[in-house]
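A short worksheet on the structure shown next.
Read-outs throughout are calculated quantities, based only on the coordinates presented, and are distinct from any laboratory measurement. These numbers come from a predicted model, not from an experiment. Cβ: placed from backbone, ideal geometry, glycine included. Neighbour counts: every protein chain shown.
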Amino acid sequence: MSFTPKLFCCLLLFFIVSVGHSQERSCGMLEYMEEQMKDPEFARQYEENQAKFKARLREVLANEDFSQRGAGTIVIPVAVHFPTGNEADRACLEALAQNQIDILNADYTATNADLSNWASASSFYPGVNPGTANISFCLAVSNHPAGLDPELLEGNPCVTIGYDFGGGNNVDANWAGYMNFVVRPIGGSVLGFSPLGGSVAAGQAVTINTFCFGSGAGCPGSSIVPSSPFNLGRTTTHELGHFYNLDHTFAGYSCASDDGIADTPNIDSESYGCPASGSVAACTLGQYSLTMDYMDYVDDPCMYLFTVGQTNVIDTYVSSVLAPQFKPDVCTPPTPGFSIVANDSPVFSCPTSGDDAVFNFTYSTILGFNENTTFSATGLPAGATVSFNPTSLSADGNVTMTVGNIGSTAEGEYT
């Protein structure tokens, strides 16, 4: 009898380990949309965006004018938020954010290395070709929203740590204009979720669980570590597809419905794990499920493409709905320089009493600017004098400007 507890513990441990390694992909888009559509304003904005998208897509498809899906490559500014991350881990989290963006740039432009697998799979899918989206992602580095994260410095990657994005509701108006990724623990077995046809103007986000964002070693100090089989960043690729108006390839779970994309075979169920090419039958006799599509449920190493039809949808939605919403000029590093802020302006002085007008300024350098700046003033009243203390600065500091000899100056406002 004395061996029974030990045996029980061993069996329990084995069970836990087995369950931990048998996890399957699960996306929360449908549940999220069902809840959000209860909000009349969300529903109104969704329908408005869908009408705009559908009108433009009809034009594109009717004219077969796929080259005009957007005016050149559209650059999408990204902000990444780690509400449960540790500030001491910032360098690691910034690198992980850039790692995920590199994955997205490869996946959405069909330059991912594992696309080479298509050569041996393509014979099962006549008429299907990998698609290339006309977009590019960048991690924003300038013109950050002020007052939200004291460690989010101008010129550094747009990564917040410990910031409670939207109070946990996945929408934050402070971050309108950005493609937001929120990386945080999600209850249950859900890997991530996104609105279907998202809004940048509303500050919506794609939410990703902490064990499936990016690739590599992750950031153990913040408990954000990609875990096999979801350790190649493809959960973000999948969820972002929803944001750009792509449904699952198995949408509707019925052969009577589909995802609305002409070149994805119609299927009535998802695929898990890593099925062999051409091993899962589609609804139409002789066709096969495109299991390697990013919008199915297979493991990260086994999904590696969007179709041409899907990238037409992506480009059309981004160019017709989202492009006007993106915040401009945030992907180019700011130029080194300085700023001068008046701490007490305007200043009131009475000329008849002979009082000087004294102004105080804060001089701040930007991005390591260290050139010597000499201060001067123009537009003084006739006969007035001006002096500065100090007369110049090459680092952050305070400056006092004194305007004197104003006893005979006419009353008025001077700038």
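The table that follows gives values for the structure above.
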read-out	value
In Hz, Karplus ³J(HN,Hα) per residue of the stretch 191-198 (6.51, -1.76, 1.60; θ = phi - 60°; x = Gly, Pro)	7, x, 7, 7, x, 8, x, x
Under the span-like rule (Cα at least 20 Å along the axis, Kyte-Doolittle mean at least 1.0), DSSP H helices of the chain	4-20
Value of relative contact order over the chain, rounded to a whole percent, pairs C-alpha under 8 Å and six or more apart	16 percent
Computed [θ] at 222 nm, helices only, for the chain once each DSSP H run of length n ≥ 4 contributes -39500 (n - 2.57)	-7000 deg cm²/dmol
P(r), alpha carbons of the chain - 10 Å bins starting at zero, rounded %	4, 18, 24, 19, 12, 9, 7, 4, 2, 0, 0
Span from the the stretch 231-254 Cα centroid across to the the stretch 145-186 one, whole angstrom	23 Å
Lysine pairs meeting the criterion (Cα under 27 Å, 8 or more apart or interchain), as found in the chain	4
Part-to-part distance (alpha-carbon centres) for the stretch 301-323 and the stretch 262-280, which is given in Å	19 Å
Neighbour net charge for residue 156 - beta-carbon separation under 14 angstrom, K R +1, D E -1	-4
